[in-house]
Each structure stands twice: as structure tokens, then as C-alpha cells.
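Read the structure below first, then the notes.
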Amino acid sequence: MKTHNVVLEELHEHNWYECCQLEVAENQTNHIEPNAVSIAQSKFEPSLRTFAIKYEEKTVGFFMFNTVEEELGGHWIYRIMVDKQYQGRGIGKRAMQLIIEEIATLPQAKRIVVGYHPGNTGAHQLYASVGFVDHGNRFGKEMAVVLDL
């Protein structure tokens, strides 16, 4: 599958609701907050940036990251998801590559961190495929992997 048609689009009044309607597969619902919760969180934490993941001009995913450095000396990706109808097509991997490029543009950005539930093998494979490394960092029930820029 060609995934060069994947783009990131900052959330705005015309695409936020589309992101709220996206769903992960049933076996993933315990691994991620609903997009509506993430969008609400971003309105109260101004350092968070939200984006729609678009494939062939259709909103198929969502992600959110912090523009402020946090634990482990990195910028955290708080959420990333691809709708269940579009999973397994390489869209998530291409989106991660674009997310890394986006975060790398931040002044002083030197590390990206993402946390996920250990049982989420799809997330583990995705993050490893774009260079994230597990150094054994744990935050509550989540493991954190890092990518040095």
C-alpha cells in the first residue's frame, strides 16, 4: 500500500468532530482515551498540540503531543490512534514518521517519548519500527520508549 498520501493537519473547527468519531478496534479500547477526552484536555493544557491524521484527504486518525519537555528529557506523544477501518495499512507508521519530523522542529527538541500499555503489541511494533527504544522506563501501568533526535 502506498502511504505517501498521509498528512498531518492541525485540529481546527472543521476537523475536530471527525476526530471524535474515530474508533480503535475493540481490543484496543482499554489502551487509549477517547479522542474527545484528548481534545478537551488540550483546551486546558495550552502546551498540548492536536492533529488529525489524514489519508487521501479523509480524517483517519488523531494524535496529540506536548510542546514542553517533560520526564526523561523529552517531548511526550500523549495520544496516537488510527481508526479501526484504516489499521494495518501502514498509515500509523507513516504518521509516526511525520510526527517525529513535526516534533523535531521544536526549539531544543532532543528526545521524543511515548508511553503505552505493555499488552498493546501493535503499539510496541509501531514504535520500534520507527526507532523508539525501551530502556526499561515505566510510569504506572505504562512503559515508556524513547527516540533520541
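Here residue 136 meets each of (1) under 17 Å from residue 48 (Cα atoms); (2) touching a strand residue (DSSP E or B) at 6+ places or on another chain (Cβ under 9 Å) with one exception, condition (1). State whether the residues of the stretch 35-51 include one that is closer than 23 Å to residue 131 by Cβ and either in contact with a Lys or Arg (Cβ under 9 Å, 6 or more places away or on another chain) or among the acidic types (Asp, Glu) (or both). Checked the stretch 35-51: no residue is closer than 23 Å to residue 131 by Cβ and either in contact with a Lys or Arg (Cβ under 9 Å, 6 or more places away or on another chain) or among the acidic types (Asp, Glu) (or both). Does any residue in the stretch 53-67 that is basic (Lys, Arg) come within less than 6 Å, Cβ to Cβ, of a residue that is part of a strand (DSSP E or B) six or more places away or on a different chain, and which pairs are these? Between residues of the stretch 53-67 that are basic (Lys, Arg) and residues that are part of a strand (DSSP E or B), the close pairs are 54/7; 54/9.
Quick one: would you say residue 99 is within 14 Å of residue 7 (Cβ to Cβ), crowded, with 17+ Cβ neighbours inside 10 Å and either among the hydrophobic types (A, V, I, L, M, F, W, C) or without any contact (Cβ under 8 Å) to a residue 40 or more places away in the chain (or both)? Yes: the conditions hold for residue 99. Yes or no: residue 82 under 11 Å from the mean Cα position of the chain (by Cα), under 25 Å from residue 25 (Cβ atoms) and at pLDDT 95 or above? When the stated conditions are applied, residue 82 does not pass them. Meeting the requirement of 2 or more residues that are out of contact with any Asp or Glu (no Cβ under 8 Å at 6 or more places or on another chain) and closer than 19 Å to residue 147 by Cα, the strands (runs of 3 or more DSSP E) wholly within the stretch 1-114 are 58-66, 75-82.
Restricting attention to the stretch 23-41, the residues that are crowded, with 19+ Cβ neighbours inside 10 Å and more than 18 Å from residue 94 (Cα to Cα) add up to 4. Against the numbered list (1) without any contact (Cβ under 8 Å) to a residue 40 or more places away in the chain; (2) closer than 18 Å to residue 32 by Cβ; (3) surrounded by 12 or more Cβ atoms within 10 Å (Cβ to Cβ), residue 129 comes up short only at (2).
Can you pull out every residue in the stretch 103-120 that is within 24 Å of residue 59 (Cα to Cα) and surrounded by fewer than 17 Cβ atoms within 10 Å (Cβ to Cβ)? Hits for the stretch 103-120 are 104, 105. Annotation: residue 123 fulfils all but one of (1) surrounded by fewer than 17 Cβ atoms within 10 Å (Cβ to Cβ); (2) closer than 27 Å to residue 17 by Cβ; the unmet one is (1).
The values are calculated or read from the model by the stated rules, or taken from the named source; none is laboratory data. Every value quoted in this text rests on a predicted model; they were computed, and no experiment measured them. As a convention, Cβ positions derive from the backbone with ideal geometry for all residues, glycine included, and neighbour counts pool all protein chains shown.
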